[in-house]
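The values are calculated or read from the model by the stated rules, or taken from the named source; none is laboratory data. It should be emphasised that the depicted structure is a prediction, and the values quoted were computed from it without experimental measurement. For neighbour counting, all protein chains shown are included, and Cβ atoms are generated from backbone atoms with ideal geometry for every residue, glycine included. The protein model used for the area step is the full one, side chains on, heavy atoms only, and it has no ligands, DNA or RNA in it. Shrake-Rupley method; radii C 1.70, N 1.55, O 1.52, S 1.80 Å.
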Amino acid sequence: MADLRTSLVSHVVFPLQERLKKHTTVADRQALEASQWWPHERLQQLRTDRLRALLVQAGAHVPYYRALFAGIGFDPTAVTSLDDLQKLPFLDKSLIRANTDALKADNARGLARFNTGGSSGVPLIFYIGRERVSRDVAAKWRATRWWGVDIGDPEVVLWGSPIELGAQDRVRRMRDALMRTSLLPAFEMSDAKVGQFIDHIRKARPRMLFGYPSAFAHIAAYARRTGRSLDDVGIKVVFVTSERLYDHQRELIEQTFGCPVANGYGGRDAGFIAHQCPAGAMHITAEDIVLEIIDREGRVLPLGESGEIVVTHLATGEFPFVRYRTGDVGVLGAQPCTCGRTLPVLSEVQGRSTDFIVAKDGTVMHGLALIYIVRDMPGVAGFRIEQESLDLTRVKVVSEADFPADGDARIRDGMKARLGASVEIEVEHVAKIEAEGSGKFRYVVSRVSV
């Protein structure tokens, strides 16, 4: 049962904020909570109708798709099935980077500029409209409520993106205080910092945590090693995302925090794709997401087979993401979830991981601490980071014409500021980043021993 303050925030304060932003989040969340139980046929009809509307909008108002449809003779008004997507080519990061302006709808209003968090090693600039923001927030809100918590319940967020961390101005801090959300930086994970995180969590007594599984597993391991207790705080659920969640991490986090872990999968570019329910399944946000699994030749695979995840986001009419190749590998489940929701299931996500890095002085940091240094620099088309030892880190960069003249020095200085002044940083410019393993990641942050 939600307390009075939680009810005030979730029913009054947050809806007012969304209305002022001209977002339809509240109505969207209510609609999603109804459609998650719909029969398969009704849900498919909704998705088909929304796909047709997205493609009609793209053909009429988005220069890239107007030219594409004309070139291949595709009529978006004739879409009658989700299978019609297979008549269209894939969209990938290189195409978006080459056609960024042409992918903006000529009737778009209030587009916000975003870039990826670097999990592919290929920086990507793209734009998001209000409809997609509303739908993504609503999908996350719906999933939050599956676990008996709500907006307004005390929350601790452990995150590392400069987008969020750099937005902590006075107004944002006041809003977070009102919402009972506190944001902790996940970059530095030294023993001293982790001890401070545990102190904060015990003082805040959150009902939910949100962040990277590797970071929470690191905190849990430190807590167990030092005899710190975290299972008496009142946390109901730990939401994790942005990385692959391993079984040993889930077990460690659940045992230490005394609550279940709810996995989530998505990204800034592709949107909130799937969320785990209490019955254990990762449900795809099917009302907004059409997910395909493809093989190396681009053929759509049946349920149960592993391949690359391709996403069409149905709320992206102002900057369409249609058949977008995520670079991640996954499997669509063939069995429905026992919870009764008819949303399709993503049974496995493979290949997403970010290890910790270790500075010269032994300070443990999240791998994103280095990734953002390269990713946010202009003229970087791709990169790979390899920490070979405490004394040597190698950076391979695919650079373009607008790469700064002092770019190499800036990379070295930025990484030395994180790793230590005596650490050798080798920067090498290459024509392409060669794939390793599954070929789905364009950076490597290796785990080293201290």
For a quick check, take a GNM of the chain with Cα springs below 10 Å and name the residue from Leu85, Leu51, Leu209 with the largest mean-square fluctuation. Leu85
Roughly speaking, what is the stretch gain from Arg66 to Ser94, that is 0.36 nm per residue apart minus the C-alpha to C-alpha distance, in nm to one decimal? 8.2 nm
What nm distance separates the two modelled labels at Arg145 and Gln86, each placed 7 Å from Cα along Cα→Cβ? 3.6
Taking R0 as 51 Å and r as the Cβ-Cβ distance between Gln44 and Lys360, the FRET efficiency 1/(1 + (r/R0)^6), rounded to the nearest 0.05, comes to 0.35
Size of electric dipole in the chain: Cβ of Lys, Arg +1 and of Asp, Glu -1, about Cα centre, debye, nearest 20: 1180
Using a 1.4 angstrom probe, figure out how much accessible area segment 14-96 has per residue, in square angstrom, rounded to the nearest whole. 51
Distance from the Cα centre of segment 405-429 to that of segment 356-404, in angstrom? 8
Length gain on complete extension for the stretch Glu297 to Asp106, per 0.36 nm per residue less the alpha carbon to alpha carbon distance? 65.4 nm
Under 5 Å, built H, 5+ apart or other chain: amide partners of Ala381: Val398, Ser399, Glu400
The size of the Cβ-based charge dipole (Lys, Arg +1; Asp, Glu -1) of segment 1-154 about the Cα centre, to the nearest 20 debye, is 380
Whole-Hz couplings from phi, Karplus 6.51/-1.76/1.60, listed for segment 251-265; x for Gly and Pro: 4, 5, 5, 5, 5, 6, 8, x, 7, x, 9, 10, 7, x, 9
Towards the positive end of the charge dipole of the chain, with charges on Cβ (+1 Lys, Arg; -1 Asp, Glu), say which of Ala417, Val237, Ala281 has the farthest Cα. Val237
Please list the non-local residues whose amide H lies under 5 Å from the amide H of Asp328, H modeled 1.01 Å from N, same-chain partners needing a gap of 5 or more. Ile309
State the antiparallel share, in %, of DSSP beta bridges confined to the chain, rounding to the nearest 5. 60
Please work out which option in (i) 1.06; (ii) 0.99; (iii) 0.95 gives Rg/Rh (Cα atoms, Kirkwood Rh) calculated from these coordinates, and answer with its label. (iii)
Checking rank on 267-277, 411-421, with mean other Cβ inside 10 Å and highest first, the result is 267-277, 411-421
Residues with amide H under 5 Å of Trp147's amide H, sequence separation 5 or more or different chain, H placed in the peptide plane at 1.01 Å from N; which? none
Between Glu424 and Ser7, what is the label-point separation in nm under the 7 Å Cα-to-beta-carbon projection? 6.6
Return a whole-number percent for the relative contact order of the chain, with Cα pairs under 8 Å and 6 or more residues apart as the contact set. 16
Dipole-positive endmost among Ile128, Val300, Val12 within the chain (Cβ charges, Cα centre): Val12
Please list, or write none, the lysines whose alpha carbon is within less than 29 Å of the alpha carbon of Lys396, excluding same-chain residues fewer than 8 places away. Lys93, Lys360, Lys416, Lys432, Lys440
Modelled label-to-label distance, Asp199 and Ser389, 7 Å Cα→beta-carbon offset: nm? 3.6
For the chain, which span is the longest to avoid every loop-located (per DSSP) member of GluC sites (Glu not before Pro) having at most 15 other Cβ atoms inside 10 Å? 1-296
From the phi angles alone, apply the Karplus equation (6.51, -1.76, 1.60; θ = phi - 60°) to segment 209-224 and give each ³J(HN,Hα) in whole Hz, x where the residue is Gly or Pro. 10, 9, x, 7, x, 5, 5, 5, 5, 5, 4, 4, 5, 5, 4, 5
Filter the trypsin sites (Lys or Arg not before Pro) in segment 287-345 down to the DSSP loop ones having no more than 11 other Cβ atoms within 10 Å, then list what survives. Arg296, Arg299
Express the carbon and sulfur contribution to the solvent-accessible surface of the chain as a percent, rounded to the nearest whole number, probe 1.4 angstrom. 52
